[in-house]
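The values are calculated or read from the model by the stated rules, or taken from the named source; none is laboratory data. Since the structure is predicted, the reported quantities are computational estimates derived from the model, not experimental observations. Positions of Cβ are backbone-derived with ideal geometry, glycine not excepted, and every protein chain shown enters the neighbour counts. Quick note on the areas: whole protein, heavy atoms, side chains included, nothing else; ligands and nucleic acids left out. Shrake-Rupley method; radii C 1.70, N 1.55, O 1.52, S 1.80 Å.
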Amino acid sequence: MSSSTTITTIDLKGALPKVASGKVRDLYTIDESTLLFVASDRISAYDVIMDNGIPGKGALLTAMSKYWFQYLSSQIPGLQTHFIASGLPPTLETQLGPDVAAPLRIRSMQVRRLQVYPIESIVRGYITGSGWAEYKKSQTVNGIPLPAGLIEGQKLATPLWTPSTKAELGDKDENISPAAAAKIVGQDVADEIERQSLQIYSAAAKRAEEVGIVLADTKFEFGLDKETGKVVLIDEVLTPDSSRFWPKETWEENLGRAQPSFDKQFLRDWLTENKLKGKEGVVVPEDVVKRTAEKYQEAYEKITGQKW
Ligand code: ATP
Ligand code: MG
């Protein structure tokens, strides 16, 4: 990943109107029903964006999401996703010229513009992170009671749907019960999001397992297609930014403690050790950047079976 440049600010030279800017992505209007979804190299941890980025990360997340959209569509009949195509629309390519277009093309996909449901749809197959923290206190995860005696990193008897709120930029998402999620989006939509999320998690966890990766947990987002009334999978999918990937090989020996992982756990640990968790204006040192990039690349290569 280190061969490419680091782009933390996306600049389309005013060619398309910007709709929104998230922690990692910038969204632009292509037309009434289509958005350009551009992933920068920005990295966030504990809901704060670091000052510097991870070289090539945006391109990698885009390629990985594309892989999963295509894989999941081939595995799950009837699954609808927002993915249309990767790269820039031809008119934009011409307008920007090859030099400006080249670094943007690899970070972009064209997607259906949908009405985003304001919840994050998290599925946990294993107990860790904020789920483990809650379990230790109350033997529940998102208010869902679990059996006594679970240990950190243990596989759950069945994957759990543990939604969270979708906070505005700068705020923190909060875990909520499935009932609270239903209050936000309506019971029917909540049921449909839960059903699809568990189905997608199962298909993805199976694929990951085949290549020696445990998909501990992951976060999806969904949107409404107002024309058809269908609930559609949107955003990025099953990347190291949105998921915890653990090496299967070392999972068992690490039960009861933090698992080594292919995601930003490395950055999170560095922040915690240096008492920088949640602080603004952090510059990540070169070696942490490099090792994070390597982890992302390893996850990409294992999952897609392609060299990065
Ligand atoms: P947020 O900015 O929402 O707090 P984030 O930092 O994760 O979250 P990014 O991943 O940087 O955001 O940006 C992606 C944004 O685009 C998210 O807010 C997501 O809900 C939104 N989004 C994803 N897919 C679509 C779509 N098809 N139509 C409209 N918005 C979308
Ligand atoms: Mg996001």
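Condition test on Phe222, is it touching a Phe, Trp or Tyr at 6+ places or on another chain (Cβ under 7 Å) and within 23 Å of Val38 (Cα to Cα)? Against the criterion (touching a Phe, Trp or Tyr at 6+ places or on another chain (Cβ under 7 Å) and within 23 Å of Val38 (Cα to Cα)), Phe222 qualifies.
Considered as a group, the residues in segment 1-39 that are near ligand 1 (Cβ under 8 Å from one of its atoms) and in a loop (DSSP other than H, G, I, E, B) include one that is nearest to Arg105 (Cα to Cα), and that residue is Val24.
Tyr71: farther than 29 Å from Gln265 by Cβ and touching a Lys or Arg at 6+ places or on another chain (Cβ under 9 Å), yes or no? I'd like the intermediate steps shown before the answer.
Details: farther than 29 Å from Gln265 by Cβ: no; touching a Lys or Arg at 6+ places or on another chain (Cβ under 9 Å): yes.
Answer is no for this residue.
Residues of segment 249-268 that are of a type in the set (A, V, I, L, M) and open to solvent by 60 Å² or more (accessible area, probe 1.4 Å): Ala258 alone. The lone criterion from (1) within 16 Å of ligand 1 (Cβ to nearest atom); (2) outside the structural domain of Lys172 (by TED's automatic domain parsing) left unmet by Ala102 is number (1).
For segment 245-262, taking the residues that are among the charged types (D, E, K, R) and touching a Gly at 6+ places or on another chain (Cβ under 7 Å), the one that is farthest from Gly125 (Cα to Cα) is identified as Glu249. For Ala15, indicate whether it is over 21 Å from the mean Cα position of the chain (by Cα), touching a residue at least 12 places away in the same chain (Cβ under 8 Å) and open to solvent by less than 40 Å² (accessible area, probe 1.4 Å). It is true that Ala15 is over 21 Å from the mean Cα position of the chain (by Cα), touching a residue at least 12 places away in the same chain (Cβ under 8 Å) and open to solvent by less than 40 Å² (accessible area, probe 1.4 Å).
Residues checked against (1) of a type in the set (A, V, I, L, M); (2) away from ligand 2 (no atom under 16 Å from the Cβ); (3) touching a helix residue (DSSP H, G or I) at 6+ places or on another chain (Cβ under 9 Å); (4) under 30 Å from Asn274 (Cα atoms):
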{"site": "Leu27", "(1), (2), (3), (4)": "yes, no, no, no"}
{"site": "Ser33", "(1), (2), (3), (4)": "no, yes, no, no"}
{"site": "Ala39", "(1), (2), (3), (4)": "yes, no, yes, yes"}
{"site": "Asn52", "(1), (2), (3), (4)": "no, yes, yes, yes"}
{"site": "Leu61", "(1), (2), (3), (4)": "yes, no, yes, yes"}
{"site": "Val100", "(1), (2), (3), (4)": "yes, yes, no, no"}
{"site": "Ile106", "(1), (2), (3), (4)": "yes, yes, yes, no"}
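Here is a check on your reading of the model: is Lys302 at pLDDT below 95, outside any loop (DSSP other than H, G, I, E, B) and open to solvent by 10 Å² or more (accessible area, probe 1.4 Å)? No. Looking only at residues of segment 269-284 that are touching a residue at least 12 places away in the same chain (Cβ under 8 Å) and not in a helix (DSSP H, G or I), we find that the one that is most open to solvent (accessible area, probe 1.4 Å) is Glu280. Filtering segment 210-248 to residues that are open to solvent by less than 10 Å² (accessible area, probe 1.4 Å) and either on the phi > 0 side of the Ramachandran plot or not assigned by TED's automatic domain parsing to the domain that holds Ser121 (or both) leaves only Leu238.
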